[in-house]
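Let me begin by presenting the structure, written as structure tokens, before commenting on it.
What follows draws every value from the coordinates through simple rules; no lab data is involved. Note that this is a predicted model, so its numbers are computed, not measured. Every residue, glycine as well, gets a Cβ built from its backbone with ideal geometry; the counts of neighbours run over all protein chains shown.
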Amino acid sequence: DAKDLRKALAICQQLNRQHPDYAYGWYLASYLMQKVRHYADAIKAIDRALQLSSLDKYQLHKTRCHFEANDLAGAVAAAAVLKDRSFVDPLLHSQLGSLLHLLGDNASALVHYARAIELDPGTADHYFNRAAVQRYFGDIAGAEAGFNKAIELKPDEFEAYNGRAHLRTQTRESNHIAQLTEVIARTRSPTGLVHLHYALSKEQEDVGDFEAAFASLKLGADTKRRQMQYSVDTDLQIMAKIRDVYGPGMFDGHIPGFDSPDPIFVLGMPRTGTTLVERILSSHSGVFSAGELNNFSLELIRLVRIALGSQRPSRLEFVAATATLDFKALGEAYIQSAKPLRDDSPHFIDKLPFNFLYAGLIHLALPRAKIINLQRHPMDTCYAVYKQLFREAYPFSYDIDELGQYYIAYDQLMKHWNAVMPGVIHTMRYETLVTDIEGESRRLLQYCGLPWEDQCLRFHENTRASTTASAVQVRQPVYATSVGKWRHYARQLEPLRARLEAAGIDTN
């Protein structure tokens, strides 16, 4: 309780030596090792506990240890032991549901959230968790009812207000603007105010009150930015270093990467149509969407750490070190790490927008992989990013000036990749896609080496879960109503437009 975890662990290890058959002692040791991130030891300890007592609680903890250690295959196997069980404790159902969601098994997560509600109908978190997953499956009515119930049971369940606001387009006749205004007036939590201001901004924009919408959005973004320790200069330096390290010479001649045609990377700035492209592709019979995977960067980090041993490089030194890796080993490690997260389809999609940082490394490690970059009007892109409340990623998105600087660096990096790897990356424009969905989809499948299938145009009927910020939109046929939306805020966004234009980026 005093947070002296290392001393607690030493005492626990003494307990285990004196009483080696006491299962709870090994569980407690594993719990403490997990807290100090000694995952290999944590897994050994929980395995010892499970040899002595096959408690569901212990098996759940084992799943969590494997997940936090980035051993997704181990986590999936550990979760499989529990997936079809029914527990007396609703918290176990809720925690298992959360882990299954993180592992991409959202259908099973829904089952366990529902069971948690049956056993404990008075806890708001169960309804919130289920509603979040219902949204991914396009169950808008169910999600709205769940968010409403969470708010009823726990009025300071702030994230539920924002989740509910984004489920549908609000109208003058049906919205929550008055309620949100009242809740904001009595809320003192900075984190709570962030969610509430973003929710209010979304609903004000829906009803056409654009001045108020931007004011609410800026309040939310400014509050969020004050909570963060972040310097955009670090990201700008990293992208400049990437361009410097991965020059034309890195791609001359034969590229000895891992020979796998399986992955399709969909990347770019967030909110540019990456989810739409993912849904079109994953509606094809030969393609499975694995969602937004961190696997490539995690394997890259792991291999660099092995190569450098005890050295602790700066971020710029890390970038330089990546160029000395065995690229074939990197590609193979990535493919192996993704196995638990895909099915047996010939191809799988990795739709992590941030992978634009690694486009050159991806080509070196996996020369047969397909790389698709989404582009959108720069101002629409930046406004869409600015108005999206992300969970953890994209810290540059909460300040207009930092967002502009980051976008310029992204634009420079993508131009660099296309210059040093001509013809490797397939670039799609969002505006062209939504106005010529069939033509662009046919060109997309041709680039991927896939035969045409008509169901790719019926992507909105795809029943697979979508766990991105666009989960609601991809359940609808293609629409162009987001094109040019930034113009409602042309006055407020003028400093951004001027910065982009000064960098040579056309904003007309």
In the range 1-159, if the dipole is taken from +1 on Lys/Arg beta carbons and -1 on Asp/Glu beta carbons about the Cα centre, which of 99, 15, 148 is farthest to the positive end? 15
Direction-averaged shadow area of the convex hull around the Cα atoms of the range 37-173, nm²? 9.3
Note on the range 171-275: contact order normalised by length, alpha-carbon pairs under 8 Å, 6 or more apart, percent, works out to 19
If you take the alpha carbon radius of gyration of the chain and divide it by 2.2 N^0.38 Å, what ratio comes out, to two decimals? 1.02
In debye to the nearest 20, how big a dipole does the range 136-183 give about its Cα centre with +1 on each Lys and Arg Cβ and -1 on each Asp and Glu Cβ? 120
Under a no-solvent Debye model with one identical scatterer per Cα of the range 153-236, what's log10 I(q)/I(0) at q = 0.16, 0.20, 0.27 Å⁻¹? -0.60, -0.86, -1.34
Cβ-defined net charge surrounding residue 226, 14 Å radius [Lys, Arg +1; Asp, Glu -1]: 0
Proximal charge balance of residue 82 [Cβ under 13 Å; K/R count +1, D/E count -1]: +2
Roughly how compact is the range 268-388, stated as its Cα Rg over 2.2 N^0.38 Å to two decimals? 1.17
Charge dipole of the chain about the Cα centre (unit charges at C-beta), most positive-ward option of 40, 114, 287: 40
The answer for residue 292, listing residues at least 5 apart or on another chain whose modeled amide H is closer than 5 Å to its amide H, is 351
Net charge contributed by nearby residues that have their C-beta within less than 14 Å of residue 65 (K/R +1, D/E -1): +3
Residue pairs, from the table 62/149; 202/485; 218/351; 3/35; 35/224, whose Cα atoms sit over 22 Å apart: 62/149; 218/351; 35/224
Would you pull out the residues with amide H under 5 Å of residue 348's amide H, same chain only if 5 or more places away, H placed 1.01 Å from N? 264, 288
Report ³J(HN,Hα) in whole Hz for each residue of the range 338-353, in order, from the Karplus equation J = 6.51 cos²θ - 1.76 cosθ + 1.60 where θ = phi - 60°; Gly and Pro get x. 7, 3, x, 10, 10, 9, 8, 4, x, 10, 9, 9, 10, 10, 9, x
Highest-first arrangement of 429-442, 204-217, 121-134, where packing means the average Cβ count within 10 Å: 121-134, 204-217, 429-442
Roughly how many nanometres apart are two label points built 7 Å out from the Cα toward the Cβ at residue 419 and residue 254? 2.9
Roughly how many debye, to the nearest 20, is the charge dipole of the chain about its Cα centre, given +1 on each Lys and Arg Cβ, -1 on each Asp and Glu Cβ, and no other charges? 820
